[in-house]
Structure formats: C-alpha cells, structure tokens
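Worksheet: one structure, shown below.
Just so you know, all these numbers are worked out from the coordinates, no wet-lab data involved. All values derive from a computational prediction rather than experimental measurement. No Cβ is skipped: glycine too gets one built from the backbone with ideal geometry, and neighbour counts run over all protein chains shown.
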Amino acid sequence: MADTPDTLQSILFVLYGILAVLLYLAIFITGNLLFLSKRNRTFISREDTRAFQAKAQELLKKADYMVLKEITISRLGSHPGDATAEYYLGMACLRSGELVEAKDHFTRAMSLDAQWKDLCSANLKEIAMELKRKKPELVE
C-alpha cells in the first residue's frame with residue numbers, strides 16, 4: 001500500500017495538533033506551578049505572624065534594634081510582602097534614627113495591609129516633624 005501525499009499530510013496535521021496540545025499543557029502546568037509556589041511563599045499563617053509579632057514587640061521594648069532589624073530583614077527574605085515585618089523594620093529604623101528608611105518601610109507596610117495605616121501614619125507624621133526639625137538652615 002503506497003502512502004499518498006494526502007495521507008502523509010493528514011498524519012502531519014494530526015502530529016502537529018498533538019504537539020500543539022502538549023505545548024499548551026506544558027505552558028498551562030508551568031504557569032500554575034509558578035503561581036502556586038508564589039502564592040505559598042506569600043501565604044503566612046496567623047500563628048506564625050503572631051509569634052513573629054510577639055518576638056518583634058519584645059525586642060522593641062528591650063530597645064534591641066539591631067536584632068530587630070536582623071529578624072525583620074530575614075523575615076522579609078522568607079516572606080516577601082509581609083506588612084508586619086515592614087512595620088517592625090520601620091520601627092527599628094525609626095528608633096535607630098534612620099528616618100528615611102523608616103519612612104520607606106512604614107509606607108510599604110501601609111500599602112501591603114491597610115490595618116497598619118493608623119500606626120504607620122502616626123509614625124510618618126513623627127518622621128516628617130523630625131526631618132523638618134533636622135533640616136539644616138539655608139546659608140545666605
């Protein structure tokens with residue numbers, strides 16, 4: 001039985017169709033895996049957040065700002081987008097006199113989670129007054 005050009009063309013058409021479906025599935029599955037891995041990284045349990053917040057609050061009360069900075073930076077590395085960590089990093093910077101950095105972290109915390117708006121706004125007002133006070137006089 002001789003293969004005709006139409007038969008070969010039909011076989012190629014079917015093979016291209018199968019290849020297109022496999023390519024679509026590969027893209028779909030890869031996209032979902034990336035989405036799920038990103039989602040899992042940003043999901044933070046309430047218990048985990050409470051434990052972190054208790055530790056951060058303890059360090060804040062002890063005025064151990066260097067350790068507080070270390071644990072918040074570490075937390076942001078493992079939990080990017082954690083508003084709680086941004087807030088406490090802002091507090092560590094504020095209490096250490098790093099006003100511009102504190103301002104950035106408070107602003108980021110508010111944008112990530114509106115629950116931090118009141119606390120961050122109060123701290124941002126304090127920072128603005130302090131920056132205004134420290135602003136050098138213009139020399140004539």
So the angle from the long Cα axis of helix 46-61 to the longest Cα principal axis of the chain, reported in degrees to the nearest 10, equals 30 degrees
Stretched fully, the stretch from Asp118 through Ala51 gains (0.36 nm per residue minus C-alpha distance, one decimal, in nm) 21.9 nm
Within segment 46-134, pairs of Lys residues whose Cα atoms are less than 23 angstrom apart, provided they are eight or more positions apart or on distinct chains, add up to 18
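As a test of understanding, state the convex hull volume per residue of the chain from its alpha carbons, in Å³.
Per-residue hull volume (Cα only) is 207 Å³.
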Among Leu15, Ala122, Ala109, the residue whose Cα sits farthest towards the positive end of the charge dipole of the chain, when +1 is placed on the Cβ of each Lys and Arg and -1 on the Cβ of each Asp and Glu, is Ala122
Segment 57-140: spread of alpha-carbon positions along the three principal axes, whole Å, largest first, is 50, 27, 21
Given unit charges at Cβ for Lys, Arg (+) and Asp, Glu (-), the dipole magnitude of the chain about its Cα centre in debye, nearest 20, is 620 debye
Ranked output for segments 90-101, 7-18, 112-123, 53-64 by mean other Cβ atoms within 10 Å, highest leading, reads 90-101, 112-123, 53-64, 7-18
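When a footprinting reagent is the concern and you count Cβ atoms within 10 Å, what order do Arg46, Arg75 take, fewest first?
The order, fewest Cβ neighbours first, is Arg46, Arg75.
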Per the 1/(1 + (r/R0)^6) rule, R0 = 41 Å and r from the Cβ atoms of Ser96 and Ala26, FRET efficiency to 0.05 is 0.25
